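Student: Let me give you the structure first, and then I'll get to my questions.
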Amino acid sequence: MHTIKNITCIGAGYVGGPTMSVIAQKNPDIKVTVVDLNKTRIDAWNSDDLSLLPIYEPGLDSVVKEARNRNLFFSTDVDKAIDEADMIFISVNTPTKTYGKGKGQAADLKYIELCARQIARVAKNDKIVVEKSTLPVRTADAIKSILNNTGNGVNFHILSNPEFLAEGTAMADLENPDRVLIGGENEDAIQALVNVYAKWVPKAKIITTNLWSSELSKLVANAFLAQRVSSINSISELCEVTGANVDEVANAIGMDSRIGSKFLKASVGFGGSCFQKDILNLVYIARSYNLNEVADYWQQVISMNDHQKQRFSSNIIKTLYNTVNGKNIVFYGWAFKKDTNDTRESAAIYVADHLLDEEANIIVYDPKVSAEQVYSDLDYLGTRGPEENRRFVTVVNNPVAASKGAHAIAVLTEWDEFKSLDWKSIYANMFKPAFIFDGRNVLDKNSIVEIGFSYKSIGK
Ligand code: NAD
Ligand code: UGA
């Protein structure tokens, strides 16, 4: 039986940071070291001022405060941390490929492979290697092949342990997960990881499978969740033309216990670093086995999401008398959901891009996203040059002042604070008619309309 004394996690991102903080908090007898190549990120994890942690996640600061420098450490010395570890989590990014075969669909596994090669090079004693990143089914084969061909006599056991936390609720999800999934071949190695989680997760919620079921289940879980959002968003369009109300429909269908009430909130479209990436990957895998109907089926979830984002911006343009040229449109929210500073694949980016094509001016307010991040998201799209993005997009830190001289407000993220803004002052600041496009259905229509706004939401 393996006794785990030292855990190393490669990748100090949205998954590695919070997950290892909780593992360290719950296992004070295990030394947990989180390593990353990105020195700025590691410095931020080590910052004395907990408001400077690189990730905003409610409740994260207090767990870091409790465990850091007790048995939780953040470092850039990857080799040393690999050498010391009995168990190594790989939690690096696995973005969609932007080049070569599978471009735009397959997961780019170069960072995973680099980790495997580094582990193979450094390891001097037996190690359990845990796939924490989301990976295409059968990736463990490649990792195994790299590790087992080093010829230095070290035994490696590979486990798959995908992470199911959602950003914004990561700490609660980690504290009380619906399940922990562990896939593997070696019973001792599986048991060693079960023991780590069993410190706080009931045994009945820790399920074990073979490697391939575990790898595939992660992609499938995200695909099913995203599919629900695309399904309700498709119905939102139908509601708008028939007089039905999408929230009422969601409530009515969600009360059927076979359907369930979660993930039925119509929106401007799902974002985040994973839904699109993982479905594209699923589509790519299905197609690589010539399962074209399966691939087409899941592709539709993405197509529907693209349509929803496009439909939202088109509606703004149409409502503003078919031109937004030179008009000021204020975005409330830039993050892909509330309670996170993560903007990856946020619908706001694509809505902004479309409105910028029509030469609108955009003023962005988000409580947790920096101006630097907004510009970097737009620059990354490559639709226009950095100077143009800075000329037409302004990022502000006062939501009410932002509305001065605005033609329209678009709510892109469901931050709670938007519900209680001083909407009367905002109205007074704006050109009339003063339009609100609520991409999250979060505002109270009656009080907004009473103030005088022209209010448009999703699916009503
Ligand atoms: P991230 O980009 O926030 O973090 C990844 C980190 O890995 C980066 O800081 C990067 O510098 C580091 N890194 C890359 N290569 C490295 C190397 N060779 N050595 C050391 N460090 C290296 O990514 P994330 O959001 O934490 O996602 C990580 C994985 O977890 C992805 O596969 C993702 O699909 C999956 N996942 C993410 C979430 C989420 O909510 N973000 C949830 C579940 C699963
Ligand atoms: C999602 C999954 O929920 C996690 O289980 C998974 O671990 C993670 O992806 C991952 O693999 O990265 P996350 O993307 O952080 O988590 O956040 P979600 O709450 O799933 O929201 C994703 C997007 O869907 C957001 O833009 C959100 O606003 C949108 N959404 C969600 C809706 O529009 N309607 C809903 O009903 C639910």
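Please treat every number below as a calculation from the coordinates, not as lab data. Values in this document were obtained by computation on a predicted structure and should not be read as measured data. So basically every Cβ, Gly included, is an ideal-geometry build from the backbone, and we count neighbours across all protein chains shown.
Student: Report the calculated FRET efficiency for Asp79 and Asp141 (r = Cβ-Cβ distance, R0 = 22 Å), to the nearest 0.05.
Tutor: Calculated value: 0.30.
Student: Residue by residue through segment 415-427, which ³J(HN,Hα) values in whole Hz follow from phi under the Karplus form 6.51 cos²θ - 1.76 cosθ + 1.60 (θ = phi - 60°), with glycine and proline marked x?
Tutor: With the stated coefficients, segment 415-427 comes to 3, 4, 4, 5, 5, 10, 5, 7, 5, 5, 5, 4, 4 Hz.
Student: Something else about it: Where the only charges are on Cβ atoms (+1 Lys, Arg; -1 Asp, Glu), what is the dipole of the chain about its Cα centre, to the nearest 20 debye?
Tutor: Values: 50 positive and 56 negative charges, 52 e Å.
Dipole magnitude for the chain comes out near 240 debye.
Student: Taking only Cα atoms, what is the 0 to 90° angle, nearest 10, from helix 16-26's long axis to the longest principal axis of the chain?
Tutor: Relative to the chain, helix 16-26 is tipped by roughly 60 degrees.
Student: Residues in segment 333-363, backbone N under 20 Å from the label point at Ala172 (7 Å along the Cα-to-beta-carbon vector): list them, ranges by number please.
Tutor: 335-342
Student: Going by average Cβ density within 10 Å per residue, which order do the peptides 217-229, 272-284, 438-450 take, highest to lowest? Provide the component values of the computation, followed by the final result.
Tutor: On the way: 217-229: 19.1, 272-284: 23.4, 438-450: 17.5.
Ranked from most to least packed, the peptides come out as 272-284, 217-229, 438-450.
Student: Sticking with this structure for a sec: Given a cut-off of under 8 Å on Cα pairs at least six residues apart, what relative contact order in percent is computed for segment 334-460? Mind dumping the intermediate values first?
Tutor: Numbers: 183 pairs, mean separation 27.0, N = 127.
Relative CO of segment 334-460 lands at 21 percent.
Student: Are there trypsin sites (Lys or Arg not before Pro) in segment 13-116 that DSSP puts in a loop and that have at most 16 other Cβ atoms within 10 Å, and which ones? Walk me through the intermediate numbers first.
Tutor: Values: sites: Lys26, Lys31, Lys39, Arg41, Lys65, Arg68, Arg70, Lys80, Lys97, Lys101, Lys103, Lys110; in loops: Arg70, Lys97, Lys101, Lys103.
For trypsin sites (Lys or Arg not before Pro) across segment 13-116 that sit outside H, G, I, E and B with at most 16 neighbouring Cβ atoms in 10 Å, the list reads Arg70, Lys101, Lys103.
Student: Mind ranking 398-410, 343-355 by how tightly packed they are, going by the mean number of other C-beta atoms within 10 angstrom, highest first? Intermediate results must be reported in sequence, preceding the final value.
Tutor: Values: 398-410: 19.8, 343-355: 23.4.
Averaged packing, sorted descending, gives the order 343-355, 398-410.
Student: Using amide H atoms built 1.01 Å from N in the peptide plane, name the residues 5+ places from Ser457, or on other chains, whose amide H lies under 5 Å from its own.
Tutor: Asp438
Student: Checking the table Lys103/Lys337; Lys203/Lys265; Lys97/Lys132; Lys31/Lys97; Lys277/Lys432 against a 29 Å threshold on Cα-Cα, which pairs fail? Working shown, then result.
Tutor: Working: Lys103/Lys337 27 Å; Lys203/Lys265 32 Å; Lys97/Lys132 19 Å; Lys31/Lys97 34 Å; Lys277/Lys432 41 Å.
Listed pairs above 29 Å: Lys203/Lys265; Lys31/Lys97; Lys277/Lys432.
Student: I would also like to ask the following. Using the Karplus equation 6.51 cos²θ - 1.76 cosθ + 1.60 (θ = phi - 60°), what ³J(HN,Hα) coupling, rounded to whole Hz, does each residue of segment 179-191 give in order, writing x for Gly and Pro?
Tutor: 7, 10, 10, 10, x, x, 10, 9, 4, 5, 5, 4, 4
Student: Taking Cα atoms, how many degrees apart are the long axis of helix 110-122 and the longest axis of the chain, rounded to 10 and kept between 0 and 90?
Tutor: Around 20 degrees separate the two axes.
Student: State to the nearest 20 debye the size of the charge dipole of segment 22-125 about its Cα centre, where the only charges are +1 on K and R beta carbons and -1 on D and E beta carbons. The partial results should precede the final answer.
Tutor: On the way: 15 positive and 15 negative charges, 106 e Å.
Charge dipole, segment 22-125, about its Cα centre: 520 debye, nearest 20.
Student: Can you compute 3J(HN,Hα) from phi for each residue in segment 323-328, using the Karplus curve 6.51 cos²θ - 1.76 cosθ + 1.60 with θ = phi - 60°, rounded to whole Hz and x for Gly and Pro?
Tutor: Each residue of segment 323-328 in turn: 8, 10, 3, x, 8, 9 Hz.
Student: Using Cα atoms only, what is the angle between the long axis of helix 371-381 and the major principal axis of the chain, expressed in degrees (0 to 90) to the nearest 10?
Tutor: Helix 371-381 and the main axis of the chain meet at about 80 degrees.
Student: Once you have a ≥ b ≥ c as the square roots of the Cα gyration tensor eigenvalues for segment 66-209, tell me rounded if a/c is under 1.5, and otherwise prolate or oblate according to whether a/b is larger than b/c.
Tutor: Numbers: a/c = 1.42, a/b = 1.15, b/c = 1.23.
Note, shape of segment 66-209 comes out rounded.
Student: If you place +1 on the Cβ of every Lys and Arg, -1 on the Cβ of every Asp and Glu, and leave all else neutral, what size is the dipole of segment 237-347 about its Cα centre, to the nearest 20 Debye?
Tutor: Values: 12 positive and 12 negative charges, 64 e Å.
Result for segment 237-347 is approximately 300 debye, rounded to the nearest 20.
Student: Any idea which of Leu193, Gly243, Ser231 is furthest toward the positive side of the dipole for segment 188-251, if Lys and Arg beta-carbons carry +1 and Asp and Glu beta-carbons -1?
Tutor: Leu193
Student: Please name whichever of Leu114, Ile158, Ala170 sits farthest to the positive end of the charge dipole of segment 94-174, dipole taken about the Cα centre and charges placed at Cβ: Lys and Arg +1, Asp and Glu -1.
Tutor: Ranked along the dipole, the leading option is Leu114.
Student: For Leu72, what residues show an amide H to amide H distance below 5 Å, using hydrogens built from the backbone and excluding near sequence neighbours?
Tutor: Val32
Student: Could you work out the relative contact order of segment 176-249, using alpha carbon pairs under 8 angstrom and six or more residues apart, expressed as a whole percent? Before the final figure, lay out each step's value.
Tutor: Working: 52 pairs, mean separation 21.5, N = 74.
Over segment 176-249, the number comes to 29 percent.
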